[in-house]
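Beneath this line is the structure, given in structure tokens, with notes to follow.
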Amino acid sequence: MPNITAIIGKIGAGKTTHAQTLPGVLLSVDDFMLPLFGQECELIRKNRRLVEDYLIALARQMLEKNIDVVFDWGFWTREDRARLNDTGLPVQWHYVCIDEQQRSGQIARRNAEIEQGLRAYYVHEGLAQRCKQAFEEPEEIDGLIRV
């Protein structure tokens, strides 16, 4: 039976790297938002929910065709996680958690790669702190897989 694997983690934790190791079609909000809105945080914030809704509908179609799906979204808040759980879709949760020093190093490396042409979000210190503050530990999830 196909399922959705949803990846939880802070910016720079290695969510995408982990997601790429899993079976299934990778659906990333960033893959849609970057081409549409670039680094424009306000446009991203306003439109993120629409893209998520589209990807959930797309995942539903894939599951009906017996195709596994991997959501690489971050699911930073309990509300984000409950929203996916409330769809009734079969979800397996993975939590990518690393220490802050390692995460900071990964963000610095990714930012350097962005300056060399990698298409990803540039994470300045203010954004990193806002994201860290917004993150809620996923203590409410039974069967959570920590990676």
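The values are calculated or read from the model by the stated rules, or taken from the named source; none is laboratory data. Note that the coordinates shown come from a computational prediction; the quantities given were computed from them, not determined experimentally. In this analysis, Cβ positions are derived from the backbone assuming ideal geometry, glycine residues included, and neighbour counts consider all displayed protein chains. Heavy atoms of the whole protein, side chains included, go into the accessibility calculation; ligands, DNA and RNA do not. Shrake-Rupley method; radii C 1.70, N 1.55, O 1.52, S 1.80 Å.
Per-structure values
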| item | result |
| --- | --- |
| Residues located in the range 49-70, provided they are open to solvent by less than 70 Å² (accessible area, probe 1.4 Å) and either in contact (Cβ under 8 Å) with a residue 12 or more places away in the chain or within 23 Å of TYR95 (Cβ to Cβ) (or both) | VAL51, GLU52, LEU55, ILE56, LEU58, ALA59, MET62, LEU63, ILE67, ASP68, VAL69, VAL70 |
| Failed criterion for MET1 (all others in (1) at pLDDT below 95; (2) open to solvent by 60 Å² or more (accessible area, probe 1.4 Å); (3) not in a loop (DSSP other than H, G, I, E, B) hold) | (3) |
| Complete set of residues in the range 30-46 that are closer than 21 Å to GLY126 by Cα and not aromatic (Phe, Trp, Tyr) | ASP30, MET33, LEU34, GLY38, GLN39, GLU40, CYS41, GLU42, LEU43, ILE44, ARG45, LYS46 |
| Selection status of ILE11, open to solvent by less than 40 Å² (accessible area, probe 1.4 Å), aliphatic (A, V, I, L, M) and part of a loop (DSSP other than H, G, I, E, B) | yes |
| Complete set of residues in the range 4-50 that are of a type in the set (A, V, I, L, M), in contact with a Phe, Trp or Tyr (Cβ under 9 Å, 6 or more places away or on another chain) and either farther than 18 Å from ILE107 by Cα or modelled with pLDDT of 95 or more (or both) | ILE4, ALA6, ILE7, ILE8, ALA19, LEU26, LEU27, VAL29, MET33, LEU43, ILE44 |
| Positions within the range 71-80 being open to solvent by 30 Å² or more (accessible area, probe 1.4 Å) and either among the charged types (D, E, K, R) or in contact with a Lys or Arg (Cβ under 7 Å, 6 or more places away or on another chain) (or both), in sequence order | ARG78, GLU79, ASP80 |
| Matching residues in the range 17-29 - criterion: being out of contact with any helix residue (DSSP H, G or I) (no Cβ under 8 Å at 6 or more places or on another chain) and either outside any loop (DSSP other than H, G, I, E, B) or closer than 28 Å to GLU100 by Cβ (or both) | THR17, HIS18, ALA19, GLN20, THR21, LEU22 |
| Qualifying positions in the range 81-128 - surrounded by 18 or more Cβ atoms within 10 Å (Cβ to Cβ), part of a helix (DSSP H, G or I) and in contact with a strand residue (DSSP E or B) (Cβ under 8 Å, 6 or more places away or on another chain) | ARG81, LEU84 |
| Tabulated pairs, the range 131-143, first open to solvent by 40 Å² or more (accessible area, probe 1.4 Å), second of a type outside the set (Val, Ile, Thr) and part of a loop (DSSP other than H, G, I, E, B), C-beta under 6 angstrom, 6+ apart or interchain | ALA134/TRP76 |
